[in-house]
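Here's the structure we're looking at; comments come further down.
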Amino acid sequence: EHLEELVNDVLIYAKPAAPVKEKSNLQSILEHALAMAEKSILDKHIHVQLESADMPLVSVDAAMIGQAFLNLYRNAVDAMETGGTLSISANVSASNGSVSITVKDNGCGIDEQDLGHLFNPFFTKKSFGTGLGLSQVKKIIDLHQGSIEIASKKGTGTSVIVTLPIESTP
């Protein structure tokens, strides 16, 4: 199973397809990705808080963005002990026409010296997996003219903030 994941990860990294953007319901993308991560969430009895104020429709490739959030959720779950809390919240900024989604965990956090390497392909602290997760996420967000920021504190948790333009430029 891990080999198949590895191959898929490498393929996606090598050649991300151009996103096929359509007006999409961000709320349902976030919820669908959560459903895909459900097994690991249930296994560790993770509490999930999804706070999403009226989210605008965003012009995105729903499958790609879903994949990006699934990776972020999995990373968050991996970082937490049993009974941790995963919170997902969205914030719309009408002034610059964007929506920011924050995925926050109260897990082990990330060492300060590692923060700068997070988007390097193959950088991982996990005992398994390829470390392609975040570089892949960043690639997807870049293809959507978005941005991704990570704030973390060792021992208290990590927040990943993904900002996407509501209207995309072709």
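Please treat every number below as a calculation from the coordinates, not as lab data. Small disclaimer: the values here were computed from a predicted structure and weren't measured. Because the Cβ atoms are built from the backbone with ideal geometry, glycine has one as well, and the counts that use them run over all protein chains shown.
Observations
- In the structure shown, the pairs 104/139; 23/153; 23/139; 23/154; 21/44; 23/104 are assessed against 29 Å; a Cα-Cα span above that value is assigned to 23/153; 23/154; 21/44.
- As a calculated quantity, the FRET efficiency between residue 43 and residue 115 at R0 = 25 Å, using C-beta atoms, amounts to about 0.35.
- Efficiency of FRET between residue 81 and residue 50 - r from beta-carbon atoms, R0 22 angstrom, step 0.05: 0.60
- Placing a pseudo-label 7 Å from each Cα along the Cα-to-Cβ vector at residue 147 and residue 95 gives an inter-label distance of 1.4 nm.
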